[in-house]
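These notes are about the structure you will find just below.
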Amino acid sequence: MITQQVISVTDLRTKTAQILDSLRGMKYIFVNNKPKSVIMDIKYYEAFQKEMKQNALIKETEYAEKHGKRFSKVETLMKDLLA
């Protein structure tokens, strides 16, 4: 992990507004020098969610193809992948 990606829980408690205002991407929150949680800005979170959804749909498609299943509406699947 890169030092710039780490926030101590003490810093988060005492500098919450400053940390949230400057937050870009994702940071790890450490408690007693051990990673405990993650905090991320909303744009990063939304992009992360979109990527997770796309990955899940790709896996569903691969599974369906492997087991001989077909999608009746390819347009709907593509819209979901690109949403």
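Against the conditions (1) modelled with pLDDT under 85; (2) under 16 Å from the mean Cα position of the chain (by Cα), ARG70 satisfies every one except (2).
When TYR44 is tested against the conditions (1) surrounded by fewer than 12 Cβ atoms within 10 Å (Cβ to Cβ); (2) touching a Gly at 6+ places or on another chain (Cβ under 9 Å), the lone failure is (1). Can you list residue pairs whose Cβ atoms sit under 7 Å apart, with the first residue in the range 9-22 being assigned by TED's automatic domain parsing to the domain that holds ASN33 and closer than 17 Å to ILE42 by Cβ and the second being surrounded by 10 or more Cβ atoms within 10 Å (Cβ to Cβ) and of a type in the set (D, E, K, R)? Count only pairs 6 or more apart in sequence or on different chains. Listed by first residue and then by second, the contacts come to ILE19/ASP11.
The values are calculated or read from the model by the stated rules, or taken from the named source; none is laboratory data. Keep in mind the model is a prediction, meaning the values are calculated, not measured. Don't worry about glycine lacking a Cβ; one is built from the backbone with ideal geometry, like all the others, and counts go over all protein chains shown.
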